[in-house]
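Peer 1: Before I ask anything, here is the structure I am working with.
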Amino acid sequence: TVLHLPSLHCGITSMPNDTSNVAQLRSYLNHKARIKVSDGRIFIGLFVCTDKDKNTILAHAEEYRGDEQRLVGLVMIPGKHLLKMDIEDLDASDQYM
């Protein structure tokens, strides 16, 4: 099945016609996320928004490339470059894998 996200607005917790997949995705909003992109970089930040094309926005994000780390703030990751997205356990360490 195709996950269609026509009205996933930032900060809204539920909509009357949400499928279970969309409701699950909404439950991840404002949680810490780790995203791996196609060039090997990893972004860790607050998951604030996505769309039907998997374009994803993280706030307060940090970028990791090899041993380098830098604060990038608000970042939009194009869905075509997103390889993997994990929602982190809030009790877990701040270090990435």
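The values are calculated or read from the model by the stated rules, or taken from the named source; none is laboratory data. Note that the structure is predicted; figures quoted are calculated from it, not measured. Reconstructed Cβ throughout: ideal geometry from the backbone, glycine too, with neighbour counts over all protein chains shown. Side chains are part of the model used for accessible areas, which takes the heavy atoms of the whole protein and leaves out ligands, DNA and RNA. Shrake-Rupley method; radii C 1.70, N 1.55, O 1.52, S 1.80 Å.
Peer 1: First select every other residue whose beta carbon is under 10 angstrom from the beta carbon of K36; then total the charges, Lys and Arg +1, Asp and Glu -1.
Peer 2: +1
Peer 1: I would also like to ask the following. Give me the extension gain from D51 to V75: residue separation times 0.36 nm, minus the current Cα-Cα distance, reported in nm with one decimal.
Peer 2: Between D51 and V75, full extension yields 7.2 nm more.
Peer 1: On a 1.4 Å probe surface of the protein chains, which of R41, R70, R26 comes out largest in accessible area, and what is the full order?
Peer 2: Of R41, R70, R26, the descending order of accessible area is R70, R41, R26.
Peer 1: Taking 0.36 nm per intervening residue step and subtracting the Cα-Cα distance, what contour gain separates D67 from I87 on full extension?
Peer 2: 5.0 nm
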